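The values are calculated or read from the model by the stated rules, or taken from the named source; none is laboratory data. Please read all numbers here as calculations on a predicted model, not as lab measurements. As a convention, Cβ positions derive from the backbone with ideal geometry for all residues, glycine included, and neighbour counts pool all protein chains shown.
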Amino acid sequence: MEAVEESNGVLICGNCGTKNPLTAQFCSHCDSYLGWDRGQATLDGAPLAGAAPLVVEEAPMAGARVDAPADADSAITAPQDAAAPPPAPPPPPPGPAPPTVPPPTAGTGDARAPTEEAAPTAPTQRVPDPPAPPKALPPEIATPTIAIEITPGSTTTAALEIRNPSPIVDGYVLTPLNAPPWLLVTQEDAHLMPGEGRIITVTFGTRPGGMIIAQRLQVTLVLRSEASPEARTEVEVAITVPPQGPPASMEVTPTLLRLVDIALGSFQIRLDNRLANYPQRFALHGRDPEKVVQFSFSPAVVEVGPGQLVEAEGMFTVPAIDAGTEISRQLTISAANDAAELTALVTLLQRTSPAPEFVPVEVELAPSHLTAVDTDTVDFDVRIDNRKGNAPASLELHGQDPEDRARFAFTPARVTVPEGTETVVRARIRSSLPEEGETVDRPFSVIASHGPHDVEATGTLELTSTPSPLRTAELRMEPAVLNVGGSQHGVFRLLVDNRRGVRPLAVAWSGQSSDGTVNFRFLPPSTTVMPQSTGTVRVEVESPGPPPSQSKVSQLRITAADGQGMIETSATLVQSANDRRPLAKLLFVIIGALLMVIGAFMPWVDGDDYAQLADIIVNRNVSEVETAVAVAAHLAIVLLVVAILFGLSGKSGSLMRRSAVVAFLTSAGFAVYAFVVDDFVVLLVGLFVVWVGAVLVYIGGIFARPRR
């Protein structure tokens, strides 16, 4: 990861986040390369965040840094370079040779080996052990740390001041613990006398055969005693491998691009850093003199590692040009950072094929002659034929008519018909209806617009508005004249004739009378009669009757309405009231006359002797005045009854009324006469019967009198 430079003068390592001074080349914590030249990882002063592209080729590496093992003693036997001379063995120390002591044998732990039998001898004198040889001490180093810089392919020397603190002559060998494989370390002869100090030269070099990446690392050198290898002293060496190599180069392939009938192209960018041991980062750009080409790169910022050849992809789009033309453009591809800018030229040849010859589509209406009856909307199909075309046809449909009375709708209104195919678009036309009973033809056309080209198909819309069913329907009341006599109720049968109609007749009923006294009831109250058929409605009427002996004639008007118009029919209702007075007259007169006759032949007063009545009448023998008066009164009643009967034929009834009055007075006069002659008489039932009959006859005579 790249290092980020903050505004406060601190450089933050992108690998571990440690803050470093701006002059630092490697991170103080993880030794990551921070870049000696800031321009190789920045553009216009801003860090370049690069992405790893496709690595095409990579130079062989000499090796990476080797960490020190956990136990430094394990590196004691590390092999030295074959070129280093082996150390000479140290000379023996001066002084008398120690006495030879026979080695002890195994046993109970006594220093002397036991014999089979111990001979009794005198005690021997014990010989003291020889003194131990002097022990080698760790060497002393005046400079425990060394800092060097190694350029690959060269050597670097460092002076190391050492001192032998041991009482013996000793030699010292430098052994690296964690050196990388490419590092060579050699030294001068380091044999020192006791207490002697010397400066020896240590040479650092690199092995051939691979690239060494720019880096900084710490190597631990162990200075060991040859007399006693465990006596050692460590020296820390800070090694810096500086960046080496030229800037990266760039190549763009192909250098000649041809675009035919397309506006998108691509090319490959190769960035070669195989001769440099440090990474480089570039931002990719493209430009053309007209500034009309749009570029894009994957990735847009390329990080080229040390010794790597990487590849990125560039893409571009160009504006469309006219058909049948060719244009040449010069493209400049650049990979830039603040340290350098790499450029390459690409020639672009853009060409388009000549436009194909335009073949118009064919448009047909199916059907082309539309008919509509009592509706203002008709659906039809628009067939679009592009079977002869050589390119897809994108069409926009619309309609028109000369009178501008029609409206059009298409589903869909925009359609694309591929070449060699045909399609059908559903269309609808709507126009106003003519007057009822009229037919009108309205021409129209459907236009399919294809850019500047229009294709037109014509048609005709025939609109017919049939007459209203009310204009052809007929109503008829049966019977036309209904005589209900003295009844207040009547029933008509209403016939609805729609046999000449072409539409259903749906009407509601209502009725009214000339005198406004008739109530109507229709069953059903509304009726729908289909064309070519008839319907029947029951009409019930109710009207108060006329006065007695009179008649009433009501003119009825029946109306059928459908909300837009109405038709009517008429009928007549006749009512008459019967005169019951003649019947009453007859009944009262007959009954009264009968009672008068019956009463005439019954005794009127007590003591009357009516046995002589026949003799008196026949022989006209009247011996007594009382009897003669009684006979005369009875005969008068009979004669008056005859007169009453004759009065039935009269129109005024006066004869009957007079006869009844005379009969009543005659019978009453007789009763008075009887009281006068006998001072006291008893009236019998016959006299009362005559009186009742006379009253009834008089009432009948009143009914015989005509009404005023």
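How many residues does segment 496-511 hold that are more than 14 Å from residue 555 (Cα to Cα) and in contact with a Phe, Trp or Tyr (Cβ under 9 Å, 6 or more places away or on another chain)?
The number of residues fulfilling the criteria is 3.
Does residue 514 satisfy the condition of being without any contact (Cβ under 8 Å) to a residue 60 or more places away in the chain and either of a type in the set (Phe, Trp, Tyr) or closer than 12 Å to residue 556 by Cβ (or both)?
yes
Inside segment 384-445, counting only strands (runs of 3 or more DSSP E) that do not spill past its ends, which hold 1 or more residues that are aromatic (Phe, Trp, Tyr)?
Correct list: 406-411.
Quick one: would you say residue 583 is at pLDDT below 80, part of a helix (DSSP H, G or I) and exposed (fewer than 13 other Cβ atoms within 10 Å of the Cβ)?
Numbers: at pLDDT below 80: yes; part of a helix (DSSP H, G or I): yes; exposed (fewer than 13 other Cβ atoms within 10 Å of the Cβ): yes.
In short, yes.
Name the strands (runs of 3 or more DSSP E) wholly within segment 491-541 that hold at least 3 residues that are of a type in the set (A, V, I, L, M), within 26 Å of residue 437 (Cβ to Cβ) and assigned by TED's automatic domain parsing to the domain that holds residue 552?
Passing ranges, in order: 505-513.
For segment 543-565, check the following and say yes or no: at least one residue is in contact with a His (Cβ under 9 Å, 6 or more places away or on another chain), surrounded by 15 or more Cβ atoms within 10 Å (Cβ to Cβ) and either in contact (Cβ under 8 Å) with a residue 40 or more places away in the chain or not in a loop (DSSP other than H, G, I, E, B) (or both).
Within segment 543-565, one or more residues are in contact with a His (Cβ under 9 Å, 6 or more places away or on another chain), surrounded by 15 or more Cβ atoms within 10 Å (Cβ to Cβ) and either in contact (Cβ under 8 Å) with a residue 40 or more places away in the chain or not in a loop (DSSP other than H, G, I, E, B) (or both).
If you go through segment 440-479 one residue at a time, how many are surrounded by fewer than 17 Cβ atoms within 10 Å (Cβ to Cβ) and closer than 20 Å to residue 509 by Cα?
5
Taking segment 258-272 as the region of interest, how many residues are at pLDDT below 90 and not hydrophobic (A, V, I, L, M, F, W, C)?
1
Can you tell me which residue in segment 141-186 is farthest from the chain's Cα centre (by Cα), limited to those that are polar (S, T, N, Q) and surrounded by 19 or more Cβ atoms within 10 Å (Cβ to Cβ)? Can you show your working first?
Going residue by residue through segment 141-186, those that are polar (S, T, N, Q) are 143, 145, 151, 154-157, 164, 166, 175, 178, 186.
So of that shortlist, the ones also surrounded by 19 or more Cβ atoms within 10 Å (Cβ to Cβ) come out as 164, 166, 175.
Values: 164: 92, 166: 94, 175: 78 Å.
Checked segment 141-186; the qualifying residue farthest from the chain's Cα centre (by Cα) is 166.
Just one of (1) closer than 30 Å to residue 553 by Cα; (2) at pLDDT 90 or above; (3) under 53 Å from the mean Cα position of the chain (by Cα) trips up residue 470, so point out which.
(2)
What number goes with the only condition from (1) touching a Gly at 6+ places or on another chain (Cβ under 6 Å); (2) surrounded by fewer than 20 Cβ atoms within 10 Å (Cβ to Cβ) that residue 251 does not pass?
Looking at each condition in turn, residue 251 falls short on (1).
Of the conditions (1) in contact with a helix residue (DSSP H, G or I) (Cβ under 7 Å, 6 or more places away or on another chain); (2) modelled with pLDDT of 90 or more; (3) not acidic (Asp, Glu), residue 176 clears all except one; give me its number.
Tallying (1) in contact with a helix residue (DSSP H, G or I) (Cβ under 7 Å, 6 or more places away or on another chain); (2) modelled with pLDDT of 90 or more; (3) not acidic (Asp, Glu), residue 176 fails exactly one: (1).
Of everything in segment 306-363, what is over 44 Å from the mean Cα position of the chain (by Cα) and surrounded by fewer than 14 Cβ atoms within 10 Å (Cβ to Cβ)? Give them in sequence order.
324, 325, 326, 328, 330, 343, 345, 347, 349, 354
Out of (1) closer than 30 Å to residue 420 by Cβ; (2) out of contact with any His (no Cβ under 8 Å at 6 or more places or on another chain), what's the single condition that is false for residue 279?
With (1) closer than 30 Å to residue 420 by Cβ; (2) out of contact with any His (no Cβ under 8 Å at 6 or more places or on another chain) applied to residue 279, the lone miss is (1).
If residue 424 satisfies all but one of (1) closer than 30 Å to residue 328 by Cα; (2) β-branched (Val, Ile, Thr); (3) not assigned by TED's automatic domain parsing to the domain that holds residue 326, what's the number of the condition it fails?
It is condition (1) that residue 424 fails.
Where residues in segment 480-509 are farther than 27 Å from residue 373 by Cβ and not hydrophobic (A, V, I, L, M, F, W, C), which of them is surrounded by the most Cβ atoms within 10 Å (Cβ to Cβ)?
So, considering only residues that are farther than 27 Å from residue 373 by Cβ and not hydrophobic (A, V, I, L, M, F, W, C), the one surrounded by the most Cβ atoms within 10 Å (Cβ to Cβ) is 490.
For residue 396, state whether it is surrounded by fewer than 19 Cβ atoms within 10 Å (Cβ to Cβ), charged (D, E, K, R) and either more than 30 Å from residue 531 (Cβ to Cβ) or at pLDDT 90 or above (or both). Quick ask: steps written out before the conclusion?
On the way: surrounded by fewer than 19 Cβ atoms within 10 Å (Cβ to Cβ): yes; charged (D, E, K, R): yes; either more than 30 Å from residue 531 (Cβ to Cβ) or at pLDDT 90 or above (or both): yes.
Yes.
Within segment 154-230, considering only strands (runs of 3 or more DSSP E) that don't extend past its boundaries, which have at least 2 residues that are among the hydroxyl-bearing types (Ser, Thr, Tyr) and touching a residue at least 40 places away in the same chain (Cβ under 8 Å)?
Hits in segment 154-230: 156-163, 170-176, 197-206, 215-225.
List every residue pair whose Cβ atoms lie under 6 Å apart, where the two residues are 6 or more positions apart in sequence or sit on different chains, the first residue falls within segment 355-372 and is at pLDDT below 85, and the second residue, located anywhere, is exposed (fewer than 13 other Cβ atoms within 10 Å of the Cβ) and outside any strand (DSSP E or B).
Cβ pairs passing all conditions: 355/323; 356/390; 359/388; 359/390.
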